[in-house]
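Contents: one structure, followed by commentary.
The values are calculated or read from the model by the stated rules, or taken from the named source; none is laboratory data. All of these numbers come straight from a predicted model, not from anything done at the bench. Don't worry about glycine lacking a Cβ; one is built from the backbone with ideal geometry, like all the others, and counts go over all protein chains shown. With ligands, DNA and RNA removed, areas are computed over all heavy atoms of the protein, side chains included. Shrake-Rupley method; radii C 1.70, N 1.55, O 1.52, S 1.80 Å.
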Amino acid sequence: MSRPSRPHLPMRPLWRCRGCGAEWPCQPARLSLLVEYRDDRTALLVYLGTLMAEAGAQLPQLNGHAAPENLTERFLSWARAR
């Protein structure tokens, strides 16, 4: 008997995936978001930008350092229209 898979959603304030434990947005979350926002890439970028700002405020509180430098790559670069 197999266990149902967990959704690939962010676990705040760690910003890791609840489903697989990878940095969020993980590959399955990215694919899901691209499908969900396939007709409105601008809305996807606004949504991801909002989450990136939230992560940028929360992550330094956890580690006592500045926010990771790769947040733009992690949250936005992959979602831009090619």
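Structure notes:
- Considering residues of segment 39-82 that are touching a residue at least 40 places away in the same chain (Cβ under 8 Å) and over 16 Å from P10 (Cα atoms) only, the residue least open to solvent (accessible area, probe 1.4 Å): A79
- Filtering segment 2-11 for residues that are surrounded by fewer than 15 Cβ atoms within 10 Å (Cβ to Cβ), within 12 Å of the chain's Cα centre (by Cα) and part of a loop (DSSP other than H, G, I, E, B) leaves a non-empty set.
- When A53, A57, A29, A66 are checked against the criterion of being part of a loop (DSSP other than H, G, I, E, B) and not β-branched (V, I, T), A66 stands alone in meeting it.
- Being out of contact with any strand residue (DSSP E or B) (no Cβ under 7 Å at 6 or more places or on another chain), modelled with pLDDT of 95 or more and open to solvent by less than 90 Å² (accessible area, probe 1.4 Å) is a property that holds for G19.
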